[in-house]
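A short worksheet on the structure shown next.
Nothing in this text is a laboratory measurement; each read-out follows from the coordinates by a stated rule. Predicted model, so just to flag it, every value in this text is computed and none were measured. Cβ: placed from backbone, ideal geometry, glycine included. Neighbour counts: every protein chain shown.
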Amino acid sequence: MTSPSNQSRAWVEIDLPAIDRNVGRIKQALPRHVRYVAVVKADAYGHGMPEVARRLLQAGVDAFAVANVAEAIRLREVGHEGDTLLLSPTLPDEVARAAENGFDLTINSLEEAKAFAAWGAAHGRKVRVHVKVDTGMGRAGVWHERAHAVFAEVLASPGLEWRGVYTHFSDADADAVYTAQQRRIFLDLLEAIPAAVRAKLLIHADNSAGLESFSAASPFNAVRIGLMQYGLPPSAGSFLASLKPDPVLSFHARVVLVKDLPKGTAVSYNRTKTLGRDSRVAVVAVGYGDGVPTAASNRGFFLVRGHRCPILGRVTMDQTVIDVTDVPAAAVGDVATILGAQGADRITVAEFCAWSDCIPWEALCTLTQRVQRVYRTDRT
Ligand SMILES: Cc1ncc(COP(=O)(O)O)c(C=O)c1O
């Protein structure tokens, strides 16, 4: 593990061939007719949208999903002219930009359906839409009991091209019973769509935690995959659970100071840690300004020279102090690994999240712009 350049103090390494392998495994596990919609919102979960989107396309994903029109336009800038679904509601003043670019807008209410249809009619165009049904997530989507009216509006609107219908599970990684209930509500609702129309729609619900086995009888014909393509394993209940994705991202920073401190010294802000022995400490050039949460203070570990070194005291904006007493060779310039492998050891995203009181999506998305993204393109 070397620093990517003399200037780099904190960086993430993104293993692009690992993305290829993960996409390959997921595609192989999915029935052929199921389309792979790659979720690349929030700068491809912090990995860097342009590089990751290009790689995902090469790896054979069918379409992209992003949060909003600005993210979708960034995809156009990297040369993606294909299907792009906007997952979040579209603001009235964003509709023109989204529709003119040919993105797939999500309809979350009757009002949105009417507004998109009116724009299409006024401009002699068909706005491409997916209807999102809220089956129990309580966030975006039209509440399922009101979905029939939206279906009818879309069917009756010449200004709309109905391309898909979907829902989102709130607890797919933890509660199979609740997920089954959401799925049932959604499947029952699909019956309200005329069969000839339904046959042409993209019908999707599952994310990486998907529990659906996609039998031939299943009407689902697309999945929206985020986390797993970035190397995080799906939950135990998922039908993809046997797949072992390869880690994609690792996070490193350099040791900028090593010094000895006597027993009884208080370390970092608010003196939350007092050294219980004469200690050698290392100051690492990384902090919450880079994506190490203060919750990891006195709980987390960094790897230095292959050893786990505990974080001492409060994580600060630019620097974190670790205990290197048991790593006597530790020196200025050493690489400290915050996430990923060093020597025989590895700090997993799950461990990092446990120390940091956060969820995997959050750990990746909160890596800040100050952290240099380094892309590995060679095969491992
Ligand atoms: C609507 C929607 N679908 C799919 C996904 C992808 O989920 P995952 O990253 O768990 O695969 C997300 C992620 O936040 C989402 O919001």
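Some observations on this one:
- Chain lengthening between His148 and Glu81 when straightened (0.36 nm per residue, less Cα-Cα): 20.9 nm
- GNM flexibility winner over the chain from Ala253, Ala236, Ala363 (Cα, springs under 10 Å): Ala236
- Among Ala329, Ala241, Ala44, residue whose mean-square fluctuation peaks in a GNM of the chain (springs only between Cα atoms under 10 Å): Ala329
- Our compactness index for region 36-149, the C-alpha radius of gyration over the empirical 2.2 N^0.38 Å, is 1.09.
- Sorted largest first, the spans of the alpha carbon positions of the chain along the three principal axes are 77, 42, 41 Å.
- For Lys244, a cut-off of 25 angstrom between C-alpha atoms picks up these lysines, skipping any fewer than 8 places away in its own chain: Lys27, Lys41.
- Extent along the principal axes, Cα only, for region 140-236: 43, 28, 24 Å, with the longest axis given first.
- His33 paired with Ala96, simple spin-label distance in nm, labels 7 Å along Cα-to-beta-carbon: 4.2
- Per-bin percent of Cα-Cα distances, region 62-228 [10 Å]: 10, 40, 37, 12, 1
- Between Arg376 and Asn298, full extension at 0.36 nm per residue minus the direct alpha carbon distance yields a gain of 24.9 nm.
- Exposed GluC sites (Glu not before Pro) absent - longest run of the chain, DSSP non-H/G/I/E/B, at most 10 other C-beta within 10 Å: 192-380
- Remark on Gly226: its backbone amide H falls under 5 Å from those of Val39, Ser208, a criterion applied only to residues 5 or more positions apart or on other chains, H modelled at 1.01 Å from N.
- Spin-label model, Glu191/Ser215: points 7 Å from Cα along the beta carbon direction are separated by 1.7 nm.
- Among residues other than Trp11 with Cβ under 12 Å from its Cβ, the summed charge is +3 (Lys and Arg +1, Asp and Glu -1).
- Computed over all pairs of different Cα atoms, the Kirkwood value for the hydrodynamic radius of region 187-247 is 12.9 Å.
- Local electrostatic count at Gln182 - Lys and Arg +1, Asp and Glu -1, tallied over other residues with Cβ under 12 Å: -4
- Selection of trypsin sites (Lys or Arg not before Pro), region 5-108, meeting DSSP coil and at most 11 other Cβ within 10 Å: Arg32
- Calculated [222 nm] ellipticity per residue, helices only, for the chain: -7500 deg cm²/dmol; basis is -39500 (n - 2.57) per DSSP H run with n ≥ 4, divided by all residues, nearest 500.
- Sequence-ordered 3J(HN,Hα) estimates for region 180-193 from the Karplus curve with 6.51, -1.76 and 1.60 and θ = phi - 60° stand at 4, 5, 4, 4, 5, 4, 5, 4, 4, 5, 4, 4, 6, 8 Hz, glycine and proline given as x.
- Between region 159-178 and region 184-243, the alpha-carbon center distance in angstrom: 8
- J(HN,Hα) series, region 121-126, from Karplus relation 6.51 cos²θ - 1.76 cosθ + 1.60, nearest Hz, glycine and proline x: 5, 5, 10, x, 10, 9
- Residues considered: Pro245, Pro158, Pro92. Largest GNM mean-square fluctuation over the chain, using C-alpha springs under 10 Å, is found at Pro92.
- The lysines within cross-link reach of Lys273, meaning a Cα-to-Cα straight distance under 21 Å and a gap of 8 or more places when in the same chain, are Lys259, Lys263.
- At R0 = 51 Å, FRET efficiency that the Cβ-Cβ distance of Asp260 and Ala140 yields, to 0.05: 0.40
- In Hz, Karplus ³J(HN,Hα) per residue of region 36-52 (6.51, -1.76, 1.60; θ = phi - 60°; x = Gly, Pro): 9, 9, 8, 8, 10, 5, 6, 6, 6, 6, x, 7, x, 4, x, 5, 6
- Under 5 Å, built H, 5+ apart or other chain: amide partners of Val371: none
- Net charge of the neighbourhood of Phe169, taken over other residues with C-beta under 15 Å away and scored Lys/Arg +1, Asp/Glu -1, is -1.
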